[in-house]
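Read the structure below first, then the notes.
The values are calculated or read from the model by the stated rules, or taken from the named source; none is laboratory data. The structure presented is a predicted model; accordingly, all values stated were derived computationally and were not measured. Quick reminder, even Gly has a Cβ in these numbers, built from the backbone with ideal geometry, and neighbours come from all protein chains shown.
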Amino acid sequence: CRERGALLVIDEIQTGFGRTGKWFGFQHFGLEPDIIALAKGLGGGFPMGAIVYTDRVQDALYVGAHGSTFGGNPLACAAGLAAITTYQEEGLIEHAARQGEQLRNKLEAAIGDRPVVREIRGKGLMLGIDLRVKVGPLLKALMEEHRVLALPAGSTVLRLLPPLIIEDEEIDLAVEAIRAVVGEGN
């Protein structure tokens, strides 16, 4: 981007605010974005979004060039400030990094050698289990038989996005449920 004079725009809507074990996902890769799109974790569950940009971008904007019909909502801003304060004071970013590593290690030990598993990948508490089969039946079994809610990412990836406050016992329950639905024979 720097060589060509292009702006680097990074979408941190889902990956930001600790989900990957760092404040922002791009921090794992040493990137320096010009624009960052933020939402979800920014409001701690309250609907909120924002963009953050460098001086270079700011210099290109002028009054009236960018606007919002509901920007600066005081309630949303208070929720965002409370969420960020909570992430800091309760060490949730570091907790997500530790718990994500633990979850990934336990998944690798439980199912990593199964023929149906291509790869377990991700960062922090944003993991995916890439399978050699369609994920739909496994998701259904996880929910109906084990009360574990997971979502697909495409047709063969089981996506795991547990809350940043997940504890060891919950990780163990989730891993056991996933082990059971993946099964020995798959």
(request) Using the structure shown, decide if residue 46 is among the aromatic types (Phe, Trp, Tyr) and in contact (Cβ under 8 Å) with a residue 24 or more places away in the chain. (result) yes
(request) Give me the pairs, please: first residue somewhere in the stretch 61-86 and within 15 Å of residue 49 (Cβ to Cβ), second residue anywhere and of a type in the set (Gly, Ala, Ser) and exposed (fewer than 11 other Cβ atoms within 10 Å of the Cβ), beta-carbon distance under 9 Å, and either six or more positions apart or on two chains. (result) 79/45; 83/45
(request) Give, as residue ranges, the strands (runs of 3 or more DSSP E) completely inside the stretch 108-186 that count at least 3 residues that are assigned by TED's automatic domain parsing to the domain that holds residue 98, at negative phi and of a type in the set (Val, Ile, Thr). (result) none
(request) Return a yes/no flag: does the stretch 99-112 have any residue that is within 23 Å of residue 23 (Cα to Cα), polar (S, T, N, Q) and touching a residue at least 24 places away in the same chain (Cβ under 8 Å). (result) yes
(message) Looking only at residues that are modelled with pLDDT of 95 or more and of a type in the set (S, T, N, Q) in the stretch 61-106, which one is nearest to the chain's Cα centre (by Cα)?
(response) 99
(request) Would you confirm whether any residue within the stretch 58-65 is surrounded by 15 or more Cβ atoms within 10 Å (Cβ to Cβ), outside the structural domain of residue 128 (by TED's automatic domain parsing) and at positive phi? (result) no
(message) Can you tell me which residue is surrounded by the most Cβ atoms within 10 Å (Cβ to Cβ) among those in the stretch 69-114 that are among the hydroxyl-bearing types (Ser, Thr, Tyr) and touching a Gly at 6+ places or on another chain (Cβ under 9 Å)?
(response) 87
(request) Kindly provide the set of residues from the stretch 1-39 that are surrounded by 12 or more Cβ atoms within 10 Å (Cβ to Cβ), of a type in the set (Asp, Glu) and more than 11 Å from the chain's Cα centre (by Cα), ordered by number. (result) 11, 34
